[in-house]
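The structure under discussion appears below in the form of structure tokens.
Only the coordinates and a few stated rules stand behind these numbers; no lab work does. Fair warning: this is a prediction, and the values are worked out from it, not measured in the lab. When we count neighbours, we look across all protein chains shown, and the Cβ atoms used for this are built from the backbone with ideal geometry, even at glycine.
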Amino acid sequence: MFLEQLKEQNHKFNKVTAIEFDEAEAEKADNIDLESKSIINSDFHLYCNETTERFDFVVGNPPYIRYQYFDKEQQREAAKIFNRARLKYTKLTNAWVSFIVGSSILLKEKGKIGFVVPAEILQVSYAQQLREFLACFYNNINIVSFQKLVFLDIQQEVVLLLCEKNGSDSHLIEHLELTDASELETLDVNKLKSPQKQIDFKSNKWTFYFLEQEEIDFLETVAQRKSIPKIGDYANVEVGITTGANDYFTVSLPIVEGYNLQEFAKPMVGRSVQVNSIVFNEEDWKHNRLTKAKAHLLVFPSKQKLNGHKGANSYISMGESMGINKGYKTGIRDDWFVVPSIKLSEALFIRRNNFFPKLIVNEAGVYTTDTMHRVFMRQGVNINAFVASFYNSLSLAFSEISGRSYGGGVLELMPSETEKILLPYKEENESLLHQIDQMMRANKSIDEILKITNEQILEKGYGFTDKEIKLADSIWKKLSARRLNRNK
């Protein structure tokens, strides 16, 4: 495609070198009538490590392949690229990351790269060192994103990453958002020549750069100016119980009764749709239980302690006939059916969220699987005030920045990311808990709730002005709307 466009657009160049791993595709490329071209049928990593040639411009649409699907030679060559760039190569690294690093190494003293890459480059943890590398290596970075999915067949949100090193001391970045790929034809390239936003080397995500400079400045300084703590200052957030087979270990009431598993069935909540409020109480659990939802977690003891329990042994045998005992997590246990780390937490945080994230008081004392995080309170923290304090525009905005979004509009936060969310905690906020809970149960919108909570939590609690509250709210709405648009 790149060579065809060079020909069709009649671009001027002295020489072009194309690297193509697939032999048939390399042959097709060789048949394109283009002067001064060199087609090399090789793995890019190998070529990058062996060539002494340097380029003015490198473009590509690299493969999105996980480390474990590389063959051994590709893994070794990719690791060499990382070593040359003084970066750490891990098993979480995706192929597109090593393509970008390798292409950067192949540039002359002044040069540019242009790549089509997953939008996760802006936010996922495994790309953090790549972001740091790019921020230091390049002087100008442009990110072009799209409101609509470009590749509908893979449901993968992509961005254009355009980077330039020019020998200056500045490090600037800019984000442009287009409706879809067709708008690239009318894009004013002058907008790409002069990025305006200073790269923040302290920020470990680039979600910031979807915002205007005023909004970025506000987010970068608000925690220090207002002395606002984080969730991690009040609680430890851990993943939920990893059963290794949620469909097997989480069961409905008929299964419990049918196998006589009452003594092994612990109350649990495992899905966000089973929680319609911010206080999950015993009545909520009983309601779920009677709707035949999977409201029980099976916690079996070791085989010798089962004492020949017929129902349990029958259910375990059924699991073995299904191959549950051979799963990745279950297969490494002494007794495959004994689930580890059975701990109750005082609060729950939903791992994957739609309109907005939820922090919940676990009043019912239920267990949860890895679809939710367990939140363990530090000593002396008022849990009701802690949970109520989360429901404000600033915390919701930082949730969008801390987490990562996917093509379907889902916001996911891992435990360490959850702990980084700003939390304007005050014990007086406990008085809001019941009101927020009742409004959610009555299906009131989050905007209606925030009108009430922002006033007490942000204005009265931390001295926010009306302008600052509106700014926090607009940032949250901008980021969440952009994410939710992926679901359309």
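Figure the gain on full extension for Ser341 and Val273 (residue separation times 0.36 nm, minus the Cα-Cα span) and round it to one decimal in nm.
22.0 nm
Full extension from Glu448 to Met1: what is 0.36 nm times the residue separation minus their Cα-Cα distance, to one decimal in nm?
Separation in residues times 0.36 nm, less the Cα-Cα distance, equals 155.9 nm.
Mind checking which aspartates and glutamates have their Cα closer than 16 Å to the Cα of Lys467? Skip sequence neighbours fewer than 8 apart in that chain.
Reachable aspartates and glutamates: Glu212, Glu214, Glu215, Asp217, Glu455, Glu459.
State the percent of C-alpha pairs, over all pairs in the chain, separated by a distance greater than 41 angstrom.
33
Rounded to two decimals, what is the ratio between the C-alpha radius of gyration of the range 1-151 and 2.2 N^0.38 Å? Could you put the intermediate results ahead of the total?
On the way: Rg = 15.6 Å, N = 151, 2.2 N^0.38 = 14.8 Å.
For the range 1-151, the normalised Cα radius of gyration is 1.06.
State, in angstrom, two size descriptors of the range 223-268 derived from its alpha carbons: Rg to one decimal place and Dmax to the nearest whole number.
Considering the range 223-268 through its Cα atoms, Rg and Dmax are 19.1, 59 Å.
Measure off 7 Å from each Cα along the Cα-to-Cβ vector at Asn14 and Gln379, then give the distance between these two points in nanometres to one decimal.
Here the answer is 7.1 nm between the modelled labels.
Enumerate the aspartates and glutamates that Lys303 could reach by cross-link, defined here as Cα to Cα under 12 Å, with residues fewer than 8 away along the same chain left out.
Straight-distance partners of Lys303: Asp334, Asp335.
Short version: ³J(HN,Hα) in whole Hz for each residue of the range 428-440, in order, from phi by Karplus 6.51 cos²θ - 1.76 cosθ + 1.60 (θ = phi - 60°), x for Gly and Pro, what are they?
Result, rounded to whole Hz: 4, 5, 4, 5, 7, 4, 4, 5, 4, 4, 5, 5, 5.
Check the straight Cα-Cα distances from Lys72 and name the aspartates and glutamates below 15 Å, setting aside those fewer than 8 residues away within the same chain.
The qualifying aspartates and glutamates are Asp43.
Please give the peptides 163-172, 97-106 ranked by average Cβ packing (other Cβ atoms within 10 Å per residue), highest first, as a rough proxy for protection.
Highest to lowest by the protection proxy: 97-106, 163-172.
Restricting to lysine pairs 8 or more places apart or on different chains, what number in the range 152-284 have Cα atoms under 29 Å apart?
Going through the range 152-284 pair by pair, I get 16.
How long is the gain from Glu428 to Gln213 if the chain were fully straight, where each residue apart is worth 0.36 nm and the alpha carbon distance is subtracted? Walk me through the intermediate numbers first.
On the way: separation 215, 0.36 × 215 = 77.40 nm, distance 3.35 nm.
Net length gain for the segment: 74.0 nm.
Between rounded, prolate and oblate, where does the range 55-118 land on the alpha carbon gyration tensor, with a ≥ b ≥ c its root eigenvalues, rounded for a/c under 1.5, else prolate if a/b exceeds b/c? Can you show the working numbers first?
On the way: a/c = 2.38, a/b = 1.49, b/c = 1.60.
Oblate, because a/c is 1.5 or more while a/b does not exceed b/c.
Explain nothing, just compute: Karplus ³J(HN,Hα) = 6.51 cos²θ - 1.76 cosθ + 1.60, θ = phi - 60°, for every residue of the range 285-294 in order, whole Hz, x for Gly and Pro.
Karplus values, whole Hz, x for Gly and Pro: 5, 4, 4, 4, 4, 7, 8, 6, 6, 7.
Let me have the relative contact order for the range 323-380, percent, based on Cα pairs under 8 Å that are six or more residues apart.
33
So which of Lys286/Lys477; Lys37/Lys108; Lys12/Lys148 end up more than 29 Å apart by C-alpha?
Lys286/Lys477; Lys12/Lys148
Convert each backbone phi in the range 54-71 into a coupling constant with the Karplus relation 6.51 cos²θ - 1.76 cosθ + 1.60 (shift: θ = phi - 60°), then list the ³J(HN,Hα) values in order as whole Hz, x for Gly and Pro.
Each residue's phi maps through the Karplus curve to give 10, 10, 7, 8, 10, 10, x, 10, x, x, 9, 10, 6, 3, 5, 9, 6, 7 Hz.
In nm, to one decimal, how far is the modelled label at Ile332 from the one at Lys305, with both set 7 Å along Cα→Cβ?
2.2
Enter the per residue convex hull volume of the range 410-479, computed from alpha-carbon coordinates, in Å³ rounded to the nearest integer.
Considering the Cα atoms of the range 410-479, their hull volume per residue is 117 Å³.
Remind me, relative contact order of the range 259-409 in percent, using alpha carbon pairs under 8 angstrom and six or more residues apart?
27
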